[in-house]
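Asker: Structure in structure tokens, see below.
The values are calculated or read from the model by the stated rules, or taken from the named source; none is laboratory data. The shown structure was predicted, so the numbers you read here are calculated from the model rather than taken from an experiment. Every residue, glycine as well, gets a Cβ built from its backbone with ideal geometry; the counts of neighbours run over all protein chains shown. Just so you know, the surface numbers come from the protein's heavy atoms only, side chains and all, with ligands and any DNA or RNA stripped out. Shrake-Rupley method; radii C 1.70, N 1.55, O 1.52, S 1.80 Å.
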Amino acid sequence: MTKTFFLPLIAMMLSLPMNAQDKLFSLEDLNFGGRNYHSLRPQNMFLTWWGDQLIETDVEECRSIDPKTGKKKALFTLDQINQWVDSKDERHQVRYLTYASFPYPDKTLVLVGNRKAVLLVDFKAGQVVWQDSISGQMANDWSPQSRATAFVEDHQLVVVDAAGQKHQITQDGSDDIVYGQSVHRDEFGITKGTFWSPDGLRLAFYRMDQSMVTGYPQVNLQDTCIATMQPDKYPMTGTNTHVVTIGIYDLKTQKTTYLKTPPTDYSPSALQQTCYFTNLAWSPDSRNVFLQELNRDQNDCRLVCYDAGTGKREYELCRETSDKYVEPLHPIEFLPWDNNLFIMQSQKDGYNHLYLYNIKGECVKQLTSGQWVVLDVLGFNRQTKSVIIASNELHPLQRNLYAVNILSEKRTLLDNGEGVHRGVLSSNGTLLYDKFSTPTTANTINVVDIRKKPQTTTLLTAPDPWKDFIQPIFESGTLKAADGKTDLYWRMVKPHDFDPTKKYPTVVYVYGGPHAHNVEASWHWYSRSWETYMAQKGYICFILDNRGSENRGRDFEQATFRHLGQVEMKDQMKGVEYLRSLPYVDASRLGVHGWSYGGYMTISLMTNYPDVFKVGVAGGPVIDWHWYEVMYGERYMDTPQQNPDGYKQTSLVAKAKNLKGKLQIIIGYNDPTVVPQHTLSFVKACVEAETQPDLFFYPGEGHNMRGHASVHLHERITQYFEDYLK
């Protein structure tokens, strides 16, 4: 059975009214690579904080905004900045102010950049007070405290100090020895490889030795008339992985010390040997570094303190284990008013929540609890001694902002209780700007004063950018998962002239994997623009977030452990069962489409339920988890040696013989995420089984199509359904 549900002030079965206009969308309007895409996005504002002053960073002017009235006052213009920069070469002038920042709350200094340098400009005095000359280098990381910059040049990690003196920290950097960049293939919340201390005088950095990792034979077609090999170091599940260490460079002594982390055995047999170092955090006094250390089996995580001066391993603060996996994603965060206490995030009670620890590693208390998820920590309010968070406490499809008092644990709602909110805090946490949308509102921006009772000033209520177009009907609701008890949320997009007496071809769009969701209470229920394009062509699109997707708690996501795709398919088939119950869905014309994990799900559904889906389009699909990378693959599947039955069950190679419907596979020819071996192996199996998929490559493209190639991609996807489903 399916049911609809209700969010405050939002009707869940929602039909957007048609405008008198009869204008139709094109992919140039709807796709992010389209020529008219940006003109049809909801109106927005570029905002940042200068201490506790809200600043609008427009293209040609920066303005301060009164948080009580919303009134704006010009600070300076782009022309003024370029006068102060005084560059005679137009190529070196600042081109826009959109991403200007104000690193010092008490100084009239703005950080801007041109093609030549990063510039610190005193907009009160009208002069450049500091600049570097390394703009555009890899992994560029600037410290406002010391005004030193770390970057990677010709594989080596380099620091340029405030006086412009260059210090090359490393000598042995290469394709095999990687410095100062993201490691562990961007898993465990890692997004970069350099970390300045709070005082800006020490730099922690990653060193990754991947010489023992097999290189996947990518082909370079771009830079030469004859194709050349360009191997990509890719550690597949059950094979050797890389070795990571962490160095500390001292700007004063110009010496580097490496943390004495446990020795790492990179072989797949060393599952209990600590292997992954992540969520690096500095102590407020810049003397210690904190790491979360995770064994290769990813079921044993330890928070450890190191002396940044000597590299000595000081002590272990806490440890979390699991019979499935532990996934650290967030560094600890010290309270701004107490250097002896910090916040740690964990889902050890079943949902991601906040815990207060002291520097000895003692858990003082659990700050949040309940069958909901802390989605983010925005920062701290020093006056009220509160931590500001985003959570889905009000509803699984919502994202709302709260202040959590550290002493009393009382939670105070800071927004209107509707939709999806994304807030950014001011310097001392007394103000935030909040950008949010609901299924019926495109974008609203408020300033919220959170010192006492939250007070809100609206800066922008964006009009509907699609008002001149014929719009489809967007609906949302719930149905029960295959376990018969868990609620799953779905979205449906119908043609604008939907007639319940007719039967429509229907496409199931699917992702289904961890760390993603497809349905939320934002504008149009978070609908992808391609769904609008398909509805305009007479299709119904249906999207369901199955078990295994994010923001529903540990057990909801870990239901797929060691058998990826199996529980997800059962839940997706409950969605198909619901579709078949609808008189206006043509069950003989069901299609399925997804990308990446969704590509895997598409082929899984086409080959496990070959009589259900007539047409499928799978983009960048995983075919066998044996060929996926170690950190992600082994977290959810264990190694092939540990879980041979699971790998066999989830592999699609042996299922190539089951293919009946029309299937198009599309990949980037140089995909570094889901390497081409997946698709090539499946096609080879289809040849041997005498089944007939279609295949399309995008030469030179990676896992996703960039720029205008994305328009071409979505036209190709659409045309395949037009040719074989409609």
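Asker: Could you give me the ³J(HN,Hα) list for region 143-156, computed from phi with Karplus coefficients 6.51, -1.76, 1.60 and θ = phi - 60°, whole Hz, x at Gly and Pro?
Answerer: Values per residue, Gly and Pro as x: 9, x, 6, 9, 6, 9, 10, 9, 7, 10, 9, 6, 6, 9 Hz.
Asker: May I pose another question? Using amide H atoms built 1.01 Å from N in the peptide plane, name the residues 5+ places from Gly379, or on other chains, whose amide H lies under 5 Å from its own.
Answerer: Placed amide hydrogens put Ile388 under 5 Å from Gly379.
Asker: Taking a quarter of the surface of the convex hull around the Cα atoms of region 302-430, what do you get in nm²?
Answerer: 9.0
Asker: Follow-up. In whole angstrom, how long is each semi-axis of the equivalent ellipsoid of region 261-359, when you take the square root of 5 times every eigenvalue of its Cα gyration tensor and sort them from largest down?
Answerer: 23, 19, 8
Asker: Taking 25 °C and 0.890 mPa s as the conditions, I'd like the Stokes-Einstein D for region 516-606 in µm²/s, using the Kirkwood hydrodynamic radius from alpha carbon pairs.
Answerer: Reported coefficient: 171 µm²/s.
Asker: Then there is this: Rounded to the nearest 20 Debye, what is the dipole magnitude of region 298-361 about its Cα centre when Lys and Arg each give +1 and Asp and Glu each give -1 at the C-beta?
Answerer: That gives region 298-361 a dipole magnitude of about 120 debye.
Asker: Using the Karplus equation 6.51 cos²θ - 1.76 cosθ + 1.60 (θ = phi - 60°), what ³J(HN,Hα) coupling, rounded to whole Hz, does each residue of region 438-455 give in order, writing x for Gly and Pro?
Answerer: Computed from phi, the couplings for region 438-455 are 10, x, 10, 10, 6, 6, 10, 10, 10, 9, 10, 8, 10, 5, 10, 6, x, 10 Hz.
Asker: Of Lys23/Lys71; Lys23/Lys570; Lys252/Lys385; Lys107/Lys467; Lys348/Lys485; Lys88/Lys124, which sit over 32 Å apart, Cα to Cα?
Answerer: Long pairs (Cα-Cα over 32 Å): Lys23/Lys71; Lys23/Lys570; Lys252/Lys385; Lys107/Lys467.
Asker: Compute and list, largest first, the equivalent-ellipsoid semi-axes of region 361-474 from the alpha carbon gyration tensor, each √(5λ) rounded to a whole angstrom.
Answerer: Numbers: eigenvalues 178, 59, 18 Å².
In descending order, the three semi-axes are 30, 17, 9 Å.
Asker: Taking only C-alpha pairs under 8 Å that are 6+ residues apart, what is the relative contact order of the chain in percent?
Answerer: 11
Asker: In whole percent, how big is the carbon plus sulfur part of the accessible area of region 111-190, probe 1.4 Å, protein atoms only?
Answerer: 40
Asker: Leaving out ligands and nucleic acids, note down the accessible area per residue over the chain with a 1.4 angstrom probe, in whole Å².
Answerer: Accessible area per residue, the chain: 41 Å².
Asker: Then there is this: Report, to the nearest whole %, how much of the accessible area of region 422-508 belongs to carbon and sulfur atoms, 1.4 Å probe, protein only.
Answerer: 48
Asker: Still on this structure: Of the options Ser269, Thr438, Ile246, report the single residue whose Cα projects farthest towards the positive end of the charge dipole of the chain (beta-carbon charges: Lys, Arg +1; Asp, Glu -1).
Answerer: The residue sitting farthest along the positive end of the dipole is Thr438.
Asker: Quick one: compute the contact order of region 483-592, relative version, from alpha carbon pairs under 8 angstrom and 6+ residues apart, as a percent.
Answerer: Once normalised by length, the contact order is 37 percent.
Asker: Continuing with the same structure: Return the loop-located chymotrypsin sites (Phe, Trp or Tyr not before Pro) in region 271-370 (DSSP other than H, G, I, E, B) with at most 12 other Cβ atoms within 10 Å of their own Cβ; answer none if there are none.
Answerer: Within region 271-370, the qualifying chymotrypsin sites (Phe, Trp or Tyr not before Pro) (loop, at most 12 other Cβ atoms within 10 Å) are Trp337.
Asker: Shifting gears a bit: Give the distance, in whole Å, between the Cα centre of region 413-488 and the Cα centre of region 652-726.
Answerer: First find each Cα centre; the distance between them is then 36 Å.
Asker: Take peptides 559-569, 374-384 and line them up by average Cβ neighbours within 10 Å, highest first, as a rough protection proxy. Mind dumping the intermediate values first?
Answerer: Numbers: 559-569: 20.7, 374-384: 18.9.
So the peptides 559-569, 374-384, ranked by packing, come out 559-569, 374-384.
Asker: How large is the charge dipole for the chain, taken about the Cα centre, if only the Cβ atoms of Lys, Arg (+1) and Asp, Glu (-1) carry charge, to the nearest 20 debye? Walk me through the numbers on the way to the answer.
Answerer: On the way: 74 positive and 83 negative charges, 247 e Å.
It comes to approximately 1180 debye.
Asker: How much of the DSSP beta bridge set in the chain is antiparallel, as a percent to the nearest 5?
Answerer: So the antiparallel bridges amount to about 85 percent of the total.
Asker: For region 609-726, rounded, prolate or oblate, judged on the Cα gyration tensor with a ≥ b ≥ c (square roots of eigenvalues), a/c < 1.5 rounded, else prolate if a/b > b/c?
Answerer: Judged from the Cα gyration tensor, region 609-726 comes out oblate (a/c at least 1.5, b/c at or above a/b).
Asker: To continue, here is another question. Give the residue list of trypsin sites (Lys or Arg not before Pro) in region 316-372 that are DSSP loop and have at most 12 other beta-carbon atoms within 10 angstrom.
Answerer: Taking region 316-372 and a limit of 12 other Cβ atoms within 10 Å, the loop trypsin sites (Lys or Arg not before Pro) found are Lys360.
Asker: Do any trypsin sites (Lys or Arg not before Pro) in region 639-679 lie in a loop, going by DSSP, with at most 15 other beta-carbon atoms within 10 Å of their beta carbon, and if so which?
Answerer: Passing both the DSSP loop test and the Cβ count: Lys660.
Asker: For P(r) over Cα pairs in 10 Å bins from 0, in percent, several values are listed as [x] 2, 12, 18, 19, 15, 12, 9, 6, 4, 2, 1, 0, 0; [y] 3, 13, 21, 26, 23, 12, 3, 0; [z] 3, 12, 17, 20, 21, 16, 8, 3, 0, 0; flag the one computed from this structure.
Answerer: Among [x] 2, 12, 18, 19, 15, 12, 9, 6, 4, 2, 1, 0, 0; [y] 3, 13, 21, 26, 23, 12, 3, 0; [z] 3, 12, 17, 20, 21, 16, 8, 3, 0, 0, the one calculated here is [y].
Asker: Using the Cα centre of region 301-407 as origin and beta-carbon charges of +1 (Lys, Arg) and -1 (Asp, Glu), tell me which of Leu375, His395, Trp337 is placed farthest towards the positive end of the dipole.
Answerer: Of Leu375, His395, Trp337, it is Trp337.
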